[in-house]
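> The structure that follows is given in the form of structure tokens.
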Amino acid sequence: MRNEIALTLQKALRELYNIDWQIDTSIIQRTKKEFEGDFTLVVFPFVKQARQSPDMVAQSLGDYFQQNLHCRFNIVKGFLNLTFPCQVWINFLKNNYTNTSFGYFATGNSDVTLIEFSSPNTNKPLHLGHIRNNLLGDSVSRILAACGKKVIKVNLVNDRGIHICKSMLAWQKFGNGETPESTQMKGDHLVGKYYVEFDKHYKAEVAQLEAGGMDKTVAEKQAPLMLEAQEMLRKWENNDPEIRQLWNQMNEWVYQGFAQTYQQLGIAFDKVYYESQTYLLGKQLVEEGLQKGAFYRRDDQSVWADLREEGLDEKLLLRSDGTSVYMTQDLGTAQLRYDEFHPKEMIYVVGNEQNYHFDVLKLVIGKKLKKEYGPRIHHLSYGMVELPFGKMKSREGTVVDADDLMEEMIIEAQNKTSELGKTDFEDGKASQLFEMIGLGALKYFILKVDPKKNMLFDPEESIDFNGNTAPFIQYTHARIKSLLRKAADHQINYNHQSFNEIDLQKAELDLVKMLYEFPQIVKTAGEMKSPALIANYAFDLAKEFNRFYQETPIFKETNEQLRDLRLHISQFTALVIKNAMTLLGIHVPEKM
RNA sequence: GGUUCCGUAGCUCAAUGGAUAGAGCAACUGCCUUCUAAGCAGUAGGUUGUUGGUUCGAUCCCAACCGGAAUCACCA
């Protein structure tokens, strides 16, 4: 419909005013509820070229639409509202209400999009900040796939470096041979425990040195534990068998822990990279850049890129001892991925604290090294999750642990359910439901917020289950399913197509029009890489349905065609809710 | 200090440059002998940080200022 309007508008502009207009369906908006109409066109953009008053342009265009598209129209202050015959909407409903992939676009031979997310360190378990990263990455992947792209999800695990050595060292010194089995702890939590342990002892050492009169910054560098950790990193880089074995073992514990967390979150990757295998890769590119004259070497042998002309600073690419830094590896991994998948776009889901890093990365690859994939890098930058008392700090124990939080949400869902006196579930269904609701609430809470904004999480007030939440939307879905079950119980076969003489009421029409918007929302969410658009749409839709549900009894309706039509609308709404929530990685129940 | 991002109801969040800035939570008022009340209807709550500018039209774009955050490492 939108396309037809746009095409007709293009023709009208050419014929009436000789204006050459590029098709852009986004200027055709849904009419606001307080006005009469289905679609609204703002005519102001054309009045200058048309050399007529806004109302005259609207009148002429309205006449044209009326003749060519058989719609009615009204004009309010330069806004042209078009109203289509009811039958148009009924046809839309008939043609789509059983289409289980409604809102999803076909893949075809489309572009490859590579998306990196999660990218954890292996020295501690995942926390709420990681959850936002994982959920965003997963949901954007789903949305882009729904937009017809071939999406490849990759994870880059930071499995090496000084921070892992800290955990290893602390375990060696204070661990007494503890294992996940012996302690009944998840592996990542056990390793995280020793990361904290290291910090505790390290701080004590620094304090002692300071008490002995040493300067703080010197003490921080001279503390025996820090020196030992650095020594361990050197041994690691020299392939010391003992250190490598310990490293392998502790990483293995962490991976088993992560696997559980990922599974519960419902996310998976197509490919996992490990920094221990890729961290040397960038050196070749740095060498290439040196030869091209894109970079330069200082007297101390360190290598730099000069980005002052681009408004940034000079950036280190290789240390004076020849070892690689973060930027070096990212240069390497970008090349590696590009060679492997030739993506049209490479998305990095990384927090906004690294905005500068990605500005530099893009410039170094595109402007300096002149690689064609430089401009294809897209940093999907998201805001921090803040607590009422500030940022999460693992060393200060103010982190909200991912596993704990998920567990609490599930228990909360269970409590809430029994509070409401809902106990009638088949064997095994109840625990599935609690998980669906608890995790759904958590995911929705995070995804409904615009990714680039910082958001606040208050652990004292647990996440709501009423209002603009996943449980509300899930409840609406369950309600509809209950309606459809009742229809089946009453032997009502509403799957027929004979609705030709029926007029839709406003509540029904509003709902159908909102359902019509879904594919457009998916498209925009893909372009903007924002699950928040999907989340807010799903809420609006559920809200709209509940209004309809409350105001419009279905089974009391004596006109059978009208009753059946309402069942169509209900079924379609359930389908769209499910499709929308699936894009957020949230399941919807048949009953709750 | 330089750069980037954010400031919308008491709180948490919406609003591709379009009509009277919307939801939820919290507060208050109604609606369950039932198509599931995790719901619906209603009341109250706003100078969209401030001041200018661009525009037919600005929460949105531009400039300055005020607040807050991030970043500017031979960390990642």
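The values are calculated or read from the model by the stated rules, or taken from the named source; none is laboratory data. This is a predicted model, so every value here is computed, not measured. No Cβ is skipped: glycine too gets one built from the backbone with ideal geometry, and neighbour counts run over all protein chains shown. Just so you know, the surface numbers come from the protein's heavy atoms only, side chains and all, with ligands and any DNA or RNA stripped out. Shrake-Rupley method; radii C 1.70, N 1.55, O 1.52, S 1.80 Å.
> Out of (1) in contact with a helix residue (DSSP H, G or I) (Cβ under 6 Å, 6 or more places away or on another chain); (2) surrounded by fewer than 17 Cβ atoms within 10 Å (Cβ to Cβ); (3) within 26 Å of A:Glu508 (Cβ to Cβ), the odd one out for A:Ile28 is which?
A:Ile28 satisfies all of (1) in contact with a helix residue (DSSP H, G or I) (Cβ under 6 Å, 6 or more places away or on another chain); (2) surrounded by fewer than 17 Cβ atoms within 10 Å (Cβ to Cβ); (3) within 26 Å of A:Glu508 (Cβ to Cβ) except (2).
> What is the number of the single condition among (1) without any contact (Cβ under 8 Å) to a residue 24 or more places away in the chain; (2) within 11 Å of RNA strand B (Cβ to nearest atom) that A:Asp427 does not meet?
It fails just one condition, (2).
> Moving on to the next point. With A:Asn123, A:Asn176 as the choices, which residue is away from RNA strand B (no atom under 16 Å from the Cβ) and at pLDDT below 95?
After applying the criteria, what remains is A:Asn176.
> Collect the residues in segment A:489-521 that are outside any loop (DSSP other than H, G, I, E, B) and open to solvent by 90 Å² or more (accessible area, probe 1.4 Å), keeping them in residue-number order.
A:Asp489, A:Lys506 - these are the residues of segment A:489-521 that are outside any loop (DSSP other than H, G, I, E, B) and open to solvent by 90 Å² or more (accessible area, probe 1.4 Å).
> Considering only segment A:465-496, state which residues are under 36 Å from the mean Cα position of the chain (by Cα) and of a type in the set (Val, Ile, Thr).
Within segment A:465-496, A:Thr469, A:Ile473, A:Thr476, A:Ile480 meet the criteria.
> Report, by residue number, each residue of segment A:349-366 that is within 12 Å of RNA strand B (Cβ to nearest atom) and under 22 Å from the mean Cα position of the chain (by Cα).
A:Val350, A:Gly351, A:Asn352, A:Glu353, A:Gln354, A:Asn355, A:Tyr356, A:His357, A:Phe358, A:Asp359
> Hey, among A:Asn91, A:Asn96, A:Asn158, which residue is under 22 Å from A:Thr278 (Cα atoms), surrounded by fewer than 21 Cβ atoms within 10 Å (Cβ to Cβ) and not basic (Lys, Arg)?
None of the others qualify; the one that does is A:Asn158.
> Further question: For residues that are touching a residue at least 24 places away in the same chain (Cβ under 8 Å) and charged (D, E, K, R), scanning just segment A:555-585, find the one that is farthest from A:Ala145 (Cα to Cα).
So the residue we want is A:Arg563.
> Just checking: which of the strands (runs of 3 or more DSSP E) contained wholly in segment A:22-127 hold 1 or more residues that are among the hydrophobic types (A, V, I, L, M, F, W, C), touching a residue at least 60 places away in the same chain (Cβ under 8 Å) and closer than 30 Å to A:Tyr255 by Cα?
Output list reads A:112-116.
> Just checking, does segment A:370-385 include any residue being assigned to a strand (DSSP E or B), more than 16 Å from A:Lys529 (Cβ to Cβ) and within 14 Å of RNA strand B (Cβ to nearest atom)?
yes
> So if I check each of A:Lys543, A:Lys513, which one is near RNA strand B (Cβ under 7 Å from one of its atoms) and of a type in the set (Lys, Arg)?
A:Lys543
> Let me ask you something else. Of all residues in segment A:206-236 being closer than 13 Å to A:Arg160 by Cα and without any contact (Cβ under 8 Å) to a residue 60 or more places away in the chain, which is most open to solvent (accessible area, probe 1.4 Å)? Explain how you work it out, then say what you get.
So the first thing to find is which residues in segment A:206-236 are closer than 13 Å to A:Arg160 by Cα, and the list is A:229-230, A:232-236.
Filter once more, keeping what is without any contact (Cβ under 8 Å) to a residue 60 or more places away in the chain: A:234-235.
Working: A:Arg234: 132, A:Lys235: 84 Å².
Here the residue is A:Arg234.
> Next question. Identify, from the list A:Gly148, A:Gly212, A:Gly192, the residue that is over 30 Å from A:Arg337 (Cβ atoms), assigned by TED's automatic domain parsing to the domain that holds A:Val325 and modelled with pLDDT under 95. Step through it out loud before you land on a result.
Values: A:Gly148 fails: over 30 Å from A:Arg337 (Cβ atoms); A:Gly192 fails: over 30 Å from A:Arg337 (Cβ atoms).
Just a single option satisfies the conditions, and that option is A:Gly212.
> Among the residues of segment A:461-488, which ones are more than 6 Å from RNA strand B (Cβ to nearest atom), open to solvent by 20 Å² or more (accessible area, probe 1.4 Å) and of a type outside the set (S, T, N, Q)?
Correct list: A:Glu461, A:Lys481, A:Leu484, A:Arg485, A:Ala488.
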